[in-house]
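Working notes for the structure below.
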Amino acid sequence: MTTISNRLQDILATIQSAAASSPSHQQVQLLAVSKAQSAAAIRDAYAAGQIAFGENYSQEALEKQKQLTDLAIEWHFIGPIQSNKTQLIAQNFSWVHSVDRLKIAQRLNEARSSILRPLQVCIQVNVSNEESKSGVLPDQLEALAVAINVLPNLKLRGLMAIPAPTTDQAQQIAQFKQVRECYDALIRKGFALDTLSIGMSNDYQTAITQGATIVRIGSALFGARAPLKAA
Ligand SMILES: *Cc1c(COP(=O)(O)O)cnc(C)c1O
């Protein structure tokens with residue numbers, strides 16, 4: 001077994017036990033975050049059974065996708081979205097977790113071919129992360145959800161968040177609870193959502209106890225990332 005395969009089995013077991021002790025006993029999916037990892041590393045994880053991979057940069061993702069066309073990978077885009085990248089993203093990914101404004105949603109909708117399955121999208125919410133410019137503020141979330149819901153080539157599945165990094169578990173819980181409250185509020189208003197994309201390598205067990213249905217894990221699976229830019 002490779003290191004990646006060993007780590008994958010450990011993470012899946014940890015996810016299972018966290019989900020079993022979570023109040024909602026929800027199904028939890030692992031998204032393997034492969035930014036800054038090689039196509040070969042993705043191939044290893046796929047050989048060990050992992051299907052869904054997340055990428056943050058469209059150019060980097062496309063280069064790897066070209067080397068992996070023989071694999072039935074489900075690609076998720078999870079990074080900030082510039083308007084001039086919406087076409088690449090709409091044509092080469094199944095999911096987008098990081099939609100946070102209407103203009104981007106409209107451009108993705110226009111670029112997504114209507115003969116494909118609709119692009120599965122999450123709205124990124126900015127909870128208690130003052131440094132982050134990404135994510136819609138909770139008080140503007142419902143309006144954005146209403147507007148996205150009528151776009152025919154997008155399917156709104158739920159919410160994503162990247163809380164401010166902290167090792168304080170109480171603070172992790174408080175941040176995840178905020179996202180969960182936004183999610184529950186939309187469901188009470190009648191939105192048919194099933195996806196809460198929260199939790200990364202350092203906090204995914206906590207995220208699962210707060211209702212995560214997708215955890216996005218990079219370094220715990222692949223090891224530390226190489227720096228993105230040469231020093
Ligand atoms: C990099 C990244 C992750 C994974 O982070 P790790 O700490 O390596 O697990 C998850 N989500 C997003 C949006 C990321 O950019």
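Residues in the range 204-223 that are more than 13 Å from the ligand (Cβ to nearest atom) and small (Gly, Ala, Ser): how many?
1
Take Asp44 and decide whether it is among the acidic types (Asp, Glu) and within 12 Å of Phe222 (Cα to Cα).
Yes.
Tell me whether the range 185-195 contains one or more residues that are surrounded by 15 or more Cβ atoms within 10 Å (Cβ to Cβ), within 16 Å of the ligand (Cβ to nearest atom) and closer than 27 Å to His25 by Cα.
yes
Going by the conditions given, is Ser201 touching a residue at least 24 places away in the same chain (Cβ under 8 Å) and within 9 Å of the ligand (Cβ to nearest atom)?
no
Look at the range 131-144 and say how many of its residues are more than 16 Å from Gln178 (Cβ to Cβ) and open to solvent by less than 40 Å² (accessible area, probe 1.4 Å).
Residues in the range 131-144 being more than 16 Å from Gln178 (Cβ to Cβ) and open to solvent by less than 40 Å² (accessible area, probe 1.4 Å): 1 in total.
Determine whether Ala226 is open to solvent by 50 Å² or more (accessible area, probe 1.4 Å) and within 13 Å of the ligand (Cβ to nearest atom).
yes
Is at least one residue of the range 173-184 in contact with a His (Cβ under 8 Å, 6 or more places away or on another chain) and either in contact (Cβ under 8 Å) with a residue 24 or more places away in the chain or under 28 Å from Ile51 (Cα atoms) (or both)?
no
Of all strands (runs of 3 or more DSSP E) completely enclosed by the range 134-231, which ones contain at least 3 residues that are of a type in the set (Val, Ile, Thr)?
214-217
The values are calculated or read from the model by the stated rules, or taken from the named source; none is laboratory data. All values reported here derive from a predicted model rather than from experimental measurement. Here the Cβ is made from the backbone with ideal geometry for all residues, glycine too, and neighbour counts use every protein chain on show. Just the protein is used for accessible areas: all its heavy atoms, side chains included, with ligands, DNA and RNA removed. Shrake-Rupley method; radii C 1.70, N 1.55, O 1.52, S 1.80 Å.
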